[in-house]
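What follows is one structure encoded as structure tokens, with my remarks underneath.
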Amino acid sequence: YKRGDARYIPFDIADMSAQASSPLIGAVAWLLRLPEQRCRMSELVDLLEVPAVAARFGITPEALPQLTRWMAGAGIRWGLNAAHRSALGLDACGEQNSAWFGLRRMLLGYASGAQGADTPLPCLQEIAPYAEVGGLDAELAGALAHLLQSLLGWWAVACQSATPQAWVEHCQALLADLVQADTEADRLALAALQDGLLAWQSACEQAGFDQAVPLSV
């Protein structure tokens, strides 16, 4: 039951560390499974609800509902882009209703103004502009663009095999690119992630293991 319910019983699991329930660590766990994820819109919103990720892209909690409405209105449903869908064996779905498709609609709507829906730019006639994006809040579309660029960059890396040393470097770059730890809890979680990476790297070095392995390993 929720806290407001009279039947709610407050409890804690004694052997569960604070890091284990950290939203930041949960987000990183999702990112480590990105090659197998369909990346539904709800999952992207969940990612942006993690304070350390939202802070990295300059999205405040007050602005997230507006961005969520734009994402839904622009037709974002699942998949990062056509290439991401193809890697899942779903290339027949194309780009329609992917995150990149919706973002292009948002940016085209902002660029072409209020008349965009009736007179789309000649080079993008296959995409109808999403005219709701405008005003001072339009920077939210830019924040979403930066997020998608980061996700696509990580996805391209995550789909390739690499040595343990390279995976440590890739994961450290991922954390630097997507995370801004502004609270003590997030700083502790980030430190736990870094410690875990270094401990794994040390174990591989002690075992003399330097073969290229996929991210799932």
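The values are calculated or read from the model by the stated rules, or taken from the named source; none is laboratory data. Being a predicted model, the structure only gives us computed values, none of them experimental. Quick note on the areas: whole protein, heavy atoms, side chains included, nothing else; ligands and nucleic acids left out. Shrake-Rupley method; radii C 1.70, N 1.55, O 1.52, S 1.80 Å.
If you take Cα extents along the principal axes in Å from the coordinates, which of (i) 50, 36, 35; (ii) 54, 37, 32; (iii) 63, 53, 28 do you get?
Of the labelled values, this structure produces (iii).
For Arg40, list long-range residues whose amide hydrogen, built 1.01 Å from N in the peptide plane, is under 5 Å from its own amide hydrogen.
Distant-sequence amide H within range of Arg40: Gly79.
For the chain, take the longest principal axis of its alpha carbons; what is the angle in degrees between that and the long axis of helix 99-112, to the nearest 10 within 0 to 90?
Long axis of 99-112 versus the principal axis of the chain: about 40 degrees.
Heavy atoms of the protein only, probe of 1.4 Å, neighbouring chains included. What is the accessible area of Asp195 in Å², nearest 10?
Taking all protein chains as shown, Asp195 has close to 100 Å².
Please compute the Cα-Cα pair-distance distribution of segment 50-111 with 5 Å bins starting at 0, giving whole percents from short to long.
4, 18, 19, 20, 20, 12, 5, 1
Kirkwood hydrodynamic radius, computed over distinct alpha-carbon pairs, for segment 139-217: how many Å, to one decimal?
Mean inverse Cα-Cα distance, inverted, gives 14.0 Å.
Take the chain, connect every pair of alpha-carbon atoms lying under 10 Å apart with a spring to form a Gaussian network, then pick out the residue of Ala99, Ala55, Ala191 with the largest mean-square fluctuation.
Result: Ala191 has the largest fluctuation of those listed.
So what does Arg7 come to for accessible area, using a 1.4 Å probe and Å² rounded to 10?
Probe radius 1.4 Å; accessible area of Arg7 about 140 Å².
Please list, in chain and number order, the residues 5+ apart from Val213 or on another chain whose amide H is under 5 Å from its amide H, with Hs placed from the backbone.
Ala162, Thr163
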